[in-house]
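Enquirer: Structure provided below as structure tokens; questions to follow.
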Amino acid sequence: MGIDGILGTREKSTTSSRRKWLKKREMWLVVLGVILHAVYMLSIFDIYFKTPIVHGMDPVKPRFNAPAKRLVLLVADGLRADKFYEPDSEGNFRAPFLRSVIQNQGRWGVSHARPPTESRPGHVAIIAGFYEDPSAVTKGWKANPVEFDSVFNQSRHTISFGSPDIVPIFCAALPHSTWNSYPHDFEDFATDASFLDEWSFDQFQSLLNRSNEDPKLKELLLQDNLVIFLHLLGCDSNGHAHRPFSSIYLNNVKVVDHIAERMYNLLEGYFMDNRTAYIFTADHGMSDKGSHGDGHPTNTDTPLVVWGAGVKHAKPVSETNHSDCGFRFIDEHAHDAPTPEEWGLNHIERVDVNQADIAPLMSTLLGLPCPVNSVGNLPLEYINLNEAERVEAVLANTKQILNQFLRKSYIKQLNSFYFKPFKPLAQYTPIMDRIEELISVRDYEAAMKLSENLRTLALQGLHYFQTYDWLMLMSVITLGYIGWMICLLLHVLQSYTSLPGNILQEPAFHQRHKTRKVYLWGCLLMGLISIKLILEHSPPLYHAYVAMTVFLWTQILSEYRFMLALWRYFRGRKFDYIVKLLIISALSIFILEFLVNSFTKRELYTWCFLIVGIVASFHLFNSIPWRSGIPIFVFISCWFLSVFTLMPAEIPDNNQLVIASGAMIIIIGIAARWLDLHTEGNKYWLSICKHEMEKPRFPMLFHIQALLVGLASVMVWLSTSHRTEKQELLVIHQLINWSIAGFSMVLPLFSENGLLSRLTSIFLGFAPPFLLLSIGYEAVFYNAFALVLMSWILFENALLHGSKGKKFPPYSSNMDENDVLENDNRCLQLSDVRIPLIFLVLFNVAFFGTGNFASIASFEISSVYRFITVFSPFLMAALLIFKLFIPFLLVVCTFSAITKLLRVPRLGCYFLVILLSDVMTIHFFFLVRTKGSWMEIGNSISHFGIVSAQVVFVLLLFALTNIYTKDIHIKSASSSSRKLM
């Protein structure tokens with residue numbers, strides 16, 4: 001009688017053609033999985049991150065006289081609001097000129113930036129009025145992936161000086177502009193970068209001086225609708241290099257204030273017409289660590305000071321002009337945000353804005369049309385206009401946003417068979433007529449309210465059309481993932497399990513002629529959908545999404561005979577078997593959901609290993625003798641590993657800990673070597689140890705590997721001491737480090753082929769490069785993780801021998817020949833689901849044990865200084881990624897060894913790993929965020945990407961580790977039985 005597998009007894013195929021067909025199918029299944037995950041990974045950019053820019057709208061000219069003739073925009077890159085407004089340690093304010101402006105002749109507030117708080121997105125929001133086109137991420141925020149309108153485009157002429165990374169974005173293709181930027185070489189982090197700000201001012205001052213001798217330049221400067229833009233990079237560079245609490249950064253605040261004062265005096269003395277408006281702000285702030293990009297208030301809160309022509313003067317705070325209206329800014333700040341006491345500005349009205357609101361503010365001050373893609377709301381509290389002009393300004397802003405909505409609606413209606421309009425604005429014309437009527441009868445208050453409501457509806461309509469295709473695309477992608485998982489499950493059931501004779505009576509490749517109708521209907525459906533997508537002018541990727549999904553479900557329906565037989569088989573099973581199946585399925589989903597949550601809460605792994613340590617050790621106490629020491633070892637190793645997910649993701653420097661870890665690695669290696677040589681006669685070690693007394697090929701190999709680990713520890717101490725003493729790392733030191741790391745990784749290939757011998761050699765072989773790339777507690781994690789992997793092997797080995805007394809032991813030596821697959825592997829059983837589940841848990845711990853995905857971008861660059869000291873981003877990134885790979889390699893090597901130990905098909909387990917990980921992929925697909933901090937948005941994308949990429953990543957690791965594990969020798973069950981007898 002055969003074993004009781006998932007589907008009962010499997011009949012042996014009598015033809016080699018079926019095996020060939022299955023091999024070919026397997027290859028195509030892997031290729032399909034790679035293509036499918038690559039295509040579906042791109043879907044989030046069509047669903048969540050589609051460009052907001054549309055073309056074809058006409059600018060809306062405001063119907064009032066411009067309050068200002070020219071406008072000066074000063075952007076202090078990287079200046080955070082608190083460092084600008086607060087006093088220094090002596091009680092003196094760092095920006096005395098702009099503070100006097102706030103108190104006497106202008107308005108002030110905080111401009112709230114939307115993540116990603118980077119230089120390009122911030123300047124696009126300020127100057128163009130919309131939040132950065134997400135496709136610019138792939139261009140490093142440098143190029144213009146999509147052309148867009150800006151205040152500079154609408155101006156008569158723009159004069160700009162500043163950084164080569166910002167000024168050319170807006171002026172390089174602008175014919176009516178005069179601009180210049182300094183060379184990239186000027187951006188030196190080793191110096192005080194405030195001279196860059198002085199450079200920008202000096203360039204403009206020399207331009208004004210030249211105009212006295214150049215009549216054409218003088219005429220250009222005297223024109224109206226002139227924009228002057230100075231990009232001041234000093235605070236950003238000094239913040240990165242010296243942190244925002246440094247004296248250099250804080251002194252740079254005084255520098256930009258002095259530049260603002262000199263600009264004001266220079267222009268007022270030059271033009272002498274009081275027709276110049278001034279705006280001082282920043283594109284983003286700076287975190288305490290000297291970085292930016294996320295949604296922390298230190299990055300999103302930037303100063304805003306506006307004064308000059310057309311701007312209201314300071315206004316005292318009162319109950320009526322500063323109340324909480326429930327409005328939330330783009331960075332989730334409340335409208336009624338309290339002003340810190342230390343700023344000393346509580347008595348003056350504060351008017352906060354969203355960063356994109358600055359663009360319509362500049363346009364209104366100059367009497368220009370708003371940029372056509374702007375989504376900013378005009379902040380009326382800054383502008384000094386009469387009541388009629390205020391309504392006209394808001395109406396122009398409303399019409400510009402409404403035009404965007406109408407254009408998007410028109411494009412979508414033009415390309416849709418069944419168009420669903422945005423109902424609140426289905427009849428917008430009567431609203432516009434009503435506003436014009438109210439203005440004509442001078443009911444400005446009602447006209448203002450109606451205009452603002454219409455603007456709000458237009459913004460909601462823009463969001464509606466931005467997400468118009470979400471339901472269709474998400475349904476297609478979800479069905480595609482489910483179809484892929486069903487295909488994998490059917491393949492595993494057909495190829496790696498024991499099946500009842502009535503299911504595989506007829507080879508699958510002979511059934512093709514019976515499924516032609518299914519393929520015909522699938523092709524017909526795909527054809528109809530493709531025609532519809534073509535007529536709707538859908539993007540090419542839409543065709544790929546639908547084609548993948550239809551293809552997968554056609555494949556599933558082509559297996560209808562097998563699924564019907566499977567259904568009949570399950571109906572005939574006993575009730576307790578169905579309950580067991582449901583319990584294991586529920587437990588698997590629970591573990592996968594646990595893994596999903598662990599991506600954001602690393603502490604869950606602590607509880608996981610604390611509980612697993614107790615449960616596994618108790619289970620082993622009941623099945624094997626406690627004298628073996630295995631239950632205690634499993635308990636201690638799990639509890640040891642549980643500590644690391646409580647550690648900070650940003651690893652603190654601890655050189656002594658790294659050196660101590662080297663000693664710990666050697667001790668673990670010696671213990672494993674001793675067990676490998678002195679545990680003969682113990683059945684719980686018999687399968688994993690190699691006790692033959694023949695002389696090994698390289699008897700000194702273990703000693704060489706231990707010596708290399710010790711040398712790596714010495715080099716860690718030597719290299720770090722040079723760096724702390726600010727001495728240059730000698731070339732000979734770098735060569736030694738490279739030699740130790742490279743040589744040690746080759747040595748495991750020459751070790752003995754017993755399971756414990758080979759895995760110990762792999763552990764010792766990858767220890768030197770990991771130590772040389774470590775800066776703190778992650779070196780100890782390497783030891784703890786290896787001990788848990790060893791516990792997994794011992795646990796599986798205990799289960800292997802603990803089944804001796806059962807009626808049908810799952811790993812019995814007298815299995816029926818029908819239950820044996822190729823390469824002497826046995827069929828998979830229901831209980832074998834634990835192997836891919838444990839693999840997924842350990843695979844994620846390998847990644848999250850010493851940090852999380854967000855910390856990759858902030859890895860301490862000092863961890864690669866032992867190999868390279870000259871800045872080389874690609875080589876440094878490669879070394880950091882290789883460091884991440886080492887724990888993964890250990891997991892996959894252990895997984896491969898366990899499949900050999902248990903005689904289960906490794907490729908079958910690989911397909912189960914991908915199937916289970918895709919349950920997580922679907923969950924992460926729905927967790928992708930489009931709002932919140934850039935860290936949250938980026939993490940949601942990266943989590944989805946990490947799990948999606950596992951189909952390729954795990955396969956590549958299998959191929960790589962196969963070099964080390966392919967010749968691992970496991971004693972056969974029969975020989976083991978004879979030794980035990």
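The values are calculated or read from the model by the stated rules, or taken from the named source; none is laboratory data. Computed from a predicted structure; not experimentally measured. Cβ coordinates were reconstructed from backbone atoms using ideal geometry, including for glycine residues, and neighbour counts include every protein chain displayed. Protein only, heavy atoms only, side chains kept; ligands, DNA and RNA dropped before computing areas. Shrake-Rupley method; radii C 1.70, N 1.55, O 1.52, S 1.80 Å.
Enquirer: If we keep just the residues of segment 873-926 that are of a type in the set (K, R) and in a helix (DSSP H, G or I), which is farthest from V492 (Cα to Cα)? Give the steps one after another, and end with the answer.
Expert: Of the residues in segment 873-926, the ones of a type in the set (K, R) are 883, 900, 903, 906.
In the following step, the residues that additionally are in a helix (DSSP H, G or I) were identified as 883, 900, 906.
Values: K883: 34, K900: 18, R906: 12 Å.
The extreme case among them is K883.
Enquirer: Considering only residues that are open to solvent by 10 Å² or more (accessible area, probe 1.4 Å), modelled with pLDDT of 65 or more and not basic (K, R), which ones fall in segment 964-981?
Expert: Within segment 964-981, Y964, D967, I968, H969, I970 meet the criteria.
Enquirer: Which residues, counting only those in segment 597-621, are of a type in the set (A, V, I, L, M) and surrounded by fewer than 20 Cβ atoms within 10 Å (Cβ to Cβ)?
Expert: At the first step, the residues of segment 597-621 found to be of a type in the set (A, V, I, L, M) are 604, 610-612, 614-616, 620.
Answer for segment 597-621, where residues must be of a type in the set (A, V, I, L, M) and surrounded by fewer than 20 Cβ atoms within 10 Å (Cβ to Cβ): L604, L610, I611, I614, V615.
Enquirer: So, S43, is that one within 25 Å of Y464 (Cα to Cα) and either at pLDDT below 90 or buried (at least 17 other Cβ atoms within 10 Å of the Cβ) (or both) or not? Write out each step before concluding.
Expert: Details: within 25 Å of Y464 (Cα to Cα): yes; either at pLDDT below 90 or buried (at least 17 other Cβ atoms within 10 Å of the Cβ) (or both): yes.
In short, yes.
Enquirer: So which of S409, S363, S416, S440 ends up being polar (S, T, N, Q) and in contact with a Phe, Trp or Tyr (Cβ under 7 Å, 6 or more places away or on another chain)? Step through it out loud before you land on a result.
Expert: On the way: S363 fails: in contact with a Phe, Trp or Tyr (Cβ under 7 Å, 6 or more places away or on another chain); S416 fails: in contact with a Phe, Trp or Tyr (Cβ under 7 Å, 6 or more places away or on another chain); S440 fails: in contact with a Phe, Trp or Tyr (Cβ under 7 Å, 6 or more places away or on another chain).
Every option except S409 fails the conditions.
Enquirer: Then there is this: Kindly establish whether T961 is at pLDDT 85 or above and β-branched (V, I, T). Break it down into steps so the answer makes sense when it comes.
Expert: Working: at pLDDT 85 or above: yes; β-branched (V, I, T): yes.
Criteria met by T961.
Enquirer: Moving on. Pull up segment 839-861, narrow it to residues that are in contact with an Asp or Glu (Cβ under 9 Å, 6 or more places away or on another chain) and modelled with pLDDT of 60 or more, then point me to the one that is surrounded by the most Cβ atoms within 10 Å (Cβ to Cβ).
Expert: T850
Enquirer: Let me ask something else. May I ask you to list the residues in segment 77-98 that are open to solvent by less than 40 Å² (accessible area, probe 1.4 Å) and either without any contact (Cβ under 8 Å) to a residue 12 or more places away in the chain or in a strand (DSSP E or B) (or both)?
Expert: P87
Enquirer: Is it fair to say D283 is outside any helix (DSSP H, G or I) and touching a residue at least 40 places away in the same chain (Cβ under 8 Å)?
Expert: Working: outside any helix (DSSP H, G or I): yes; touching a residue at least 40 places away in the same chain (Cβ under 8 Å): yes.
In short, yes.
Enquirer: Being in a helix (DSSP H, G or I), within 25 Å of V892 (Cβ to Cβ) and either modelled with pLDDT of 90 or more or within 33 Å of the chain's Cα centre (by Cα) (or both) narrows it down to one of L707, L711, L764, L756, so name that one.
Expert: Details: L707 fails: within 25 Å of V892 (Cβ to Cβ); L711 fails: within 25 Å of V892 (Cβ to Cβ); L756 fails: either modelled with pLDDT of 90 or more or within 33 Å of the chain's Cα centre (by Cα) (or both).
Going through L707, L711, L764, L756 in turn, the sole match is L764.
Yes or no, residue by residue, for (1) open to solvent by 10 Å² or more (accessible area, probe 1.4 Å); (2) assigned to a strand (DSSP E or B); (3) among the polar types (S, T, N, Q):
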residue: G269; (1), (2), (3): yes, no, no
residue: S291; (1), (2), (3): yes, no, yes
residue: T298; (1), (2), (3): yes, no, yes
residue: V305; (1), (2), (3): no, yes, no
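Enquirer: Does segment 601-617 contain any residue that is touching a Pro at 6+ places or on another chain (Cβ under 9 Å) and either more than 15 Å from R834 (Cα to Cα) or assigned to a helix (DSSP H, G or I) (or both)?
Expert: Initial filter on segment 601-617 (touching a Pro at 6+ places or on another chain (Cβ under 9 Å)): 616-617.
With either more than 15 Å from R834 (Cα to Cα) or assigned to a helix (DSSP H, G or I) (or both) added as a condition, the list becomes 616-617.
Within segment 601-617, one or more residues are touching a Pro at 6+ places or on another chain (Cβ under 9 Å) and either more than 15 Å from R834 (Cα to Cα) or assigned to a helix (DSSP H, G or I) (or both).
Enquirer: Restricting attention to segment 873-888, which residues are open to solvent by 10 Å² or more (accessible area, probe 1.4 Å) and either over 23 Å from the mean Cα position of the chain (by Cα) or of a type in the set (A, V, I, L, M) (or both)?
Expert: Correct list: L875, A877, A878, L879, L880, I881, L884.
Enquirer: Moving to a separate point now. Only one of these is surrounded by fewer than 17 Cβ atoms within 10 Å (Cβ to Cβ), at pLDDT 85 or above and part of a helix (DSSP H, G or I): I632, I665, I659. Name it.
Expert: Details: I665 fails: surrounded by fewer than 17 Cβ atoms within 10 Å (Cβ to Cβ); I659 fails: surrounded by fewer than 17 Cβ atoms within 10 Å (Cβ to Cβ).
Result: I632 is the single residue among I632, I665, I659 that is surrounded by fewer than 17 Cβ atoms within 10 Å (Cβ to Cβ), at pLDDT 85 or above and part of a helix (DSSP H, G or I).
Enquirer: Here's another thing I want to ask about it. Can you tell me which residues in segment 379-434 are free of Cβ contacts under 8 Å to residues at least 12 places away in the same chain and aromatic (F, W, Y)?
Expert: Y410, Y418, F419
Enquirer: Of the residues that sit in segment 904-930 and are in contact with a Phe, Trp or Tyr (Cβ under 7 Å, 6 or more places away or on another chain) and of a type outside the set (S, T, Y), which one is nearest to H943 (Cα to Cα)? Working first, answer last.
Expert: Residues of segment 904-930 in contact with a Phe, Trp or Tyr (Cβ under 7 Å, 6 or more places away or on another chain): 905, 908, 910, 913, 918, 921-922, 924-925, 928, 930.
Adding the requirement that they be of a type outside the set (S, T, Y) leaves 905, 908, 913, 918, 922, 924-925, 928.
Working: P905: 29, G908: 25, V913: 17, D918: 12, I922: 11, F924: 7, F925: 9, V928: 9 Å.
Looking at the filtered set, the residue picked out is F924.
Enquirer: Additional query: For segment 577-586, what are the residues that are without any contact (Cβ under 8 Å) to a residue 12 or more places away in the chain and open to solvent by less than 100 Å² (accessible area, probe 1.4 Å)? Can you show your working first?
Expert: From segment 577-586, those without any contact (Cβ under 8 Å) to a residue 12 or more places away in the chain are 577-579, 582-583, 585-586; that's our starting set.
Scanning segment 577-586 gives Y577, I578, V579, S585, A586.
Enquirer: Taking the conditions exactly as written (acidic (D, E), at pLDDT below 95, open to solvent by 20 Å² or more (accessible area, probe 1.4 Å) and closer than 27 Å to P121 by Cβ), does E381 satisfy them or not? Steps first, answer last, please.
Expert: Working: acidic (D, E): yes; at pLDDT below 95: yes; open to solvent by 20 Å² or more (accessible area, probe 1.4 Å): yes; closer than 27 Å to P121 by Cβ: yes.
For E381, the condition - acidic (D, E), at pLDDT below 95, open to solvent by 20 Å² or more (accessible area, probe 1.4 Å) and closer than 27 Å to P121 by Cβ - is met.
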